[in-house]
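The structure appears right after this line, and notes come after that.
The values are calculated or read from the model by the stated rules, or taken from the named source; none is laboratory data. Every value quoted in this text rests on a predicted model; they were computed, and no experiment measured them. We place every Cβ from the backbone using ideal geometry, glycine too, and count neighbours over all the protein chains shown.
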Amino acid sequence: FETILRMQQERGGLDVHTPFADGEEWELVKWLFRHVGQTGMEEFTKLPMVDRLNLSFTSKYALMKAVDKLPRSSEWKLKVLTVEGDLLRPDGQRETEEVELWLRDPVECIRELMADPTFRDDVCFEPQQAFDDQEGRTRRYDEM
């Protein structure tokens with residue numbers, strides 16, 4: 001997906017780091033979100049030194065608006081499952097363990113892909129004939 005998005009941005013004359021100015025600014029934003037809270041981001045943008053960096057955002061509000069322009073995907077959901085193992089506890093019962101299962105609604109994912117203009121030229125929703133050879137003699141039968 002990321003490769004297709006970057007190709008589309010380049011074809012459209014957009015910088016691949018849009019909505020940010022360049023790769024360095026993109027890395028800075030990633031670092032801020034990983035290591036600094038929102039109060040810290042606000043304080044960071046008010047530092048006099050930050051003005052000299054000529055960033056594309058001048059406040060936490062502008063930074064958040066830029067982040068809101070990034071492509072989104074369907075929401076991840078967490079299910080905690082209790083699984084039973086084959087080892088026995090001292091009381092004779094099987095050991096159990098809780099594991100995290102992160103998942104997304106596959107219908108939502110498909111809906112997003114179908115609606116995303118990034119894939120407009122790469123996705124087909126109608127039957128078509130496909131061949132394994134250039135001469136068109138060996139027909140391919142496949143599922144969607």
Here are the criteria: (1) touching a Pro at 6+ places or on another chain (Cβ under 9 Å); (2) over 23 Å from Thr18 (Cα atoms). Tell me which single one Asp142 does not satisfy.
(1)
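Does at least one position in region 98-109 carry a residue that is aromatic (Phe, Trp, Tyr) and within 25 Å of Lys30 (Cβ to Cβ)?
So in region 98-109, the residues aromatic (Phe, Trp, Tyr) come out as 102.
Checking which are within 25 Å of Lys30 (Cβ to Cβ) leaves us with 102.
Yes - at least one qualifying residue is present in region 98-109.
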Just wondering, is there one or more residues in region 76-86 that are surrounded by 10 or more Cβ atoms within 10 Å (Cβ to Cβ) and either touching a residue at least 40 places away in the same chain (Cβ under 8 Å) or in a loop (DSSP other than H, G, I, E, B) (or both)?
no
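Being among the hydrophobic types (A, V, I, L, M, F, W, C) and either at pLDDT 95 or above or within 24 Å of the chain's Cα centre (by Cα) (or both) is the filter here, so list the residues in region 50-78 that pass it.
Step one: of region 50-78, the residues among the hydrophobic types (A, V, I, L, M, F, W, C) are 50, 53, 55, 57, 62-64, 66-67, 70, 76, 78.
Residues satisfying the conditions are Leu55, Phe57, Ala62, Leu63, Met64, Ala66, Val67, Leu70, Trp76, Leu78.
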Could you go through region 81-97 and let me know if any residue there is in the same structural domain as Ala115 (by TED's automatic domain parsing) and among the basic types (Lys, Arg).
yes
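Yes or no: Arg89 in contact with a strand residue (DSSP E or B) (Cβ under 9 Å, 6 or more places away or on another chain) and surrounded by fewer than 10 Cβ atoms within 10 Å (Cβ to Cβ)?
Values: in contact with a strand residue (DSSP E or B) (Cβ under 9 Å, 6 or more places away or on another chain): yes; surrounded by fewer than 10 Cβ atoms within 10 Å (Cβ to Cβ): no.
Answer is no for this residue.
Suppose we keep only residues that are part of a helix (DSSP H, G or I) and among the β-branched types (Val, Ile, Thr) within region 95-144. Which one would you say is farthest from Val83 (Cα to Cα)? Working first, answer last.
Within region 95-144, the first condition is being part of a helix (DSSP H, G or I), and the residues that meet it are 106-115, 117-119.
Okay, now just the ones that are also among the β-branched types (Val, Ile, Thr), so 107, 110, 118.
Working: Val107: 27, Ile110: 30, Thr118: 40 Å.
Applying the filter and picking the extreme gives Thr118.
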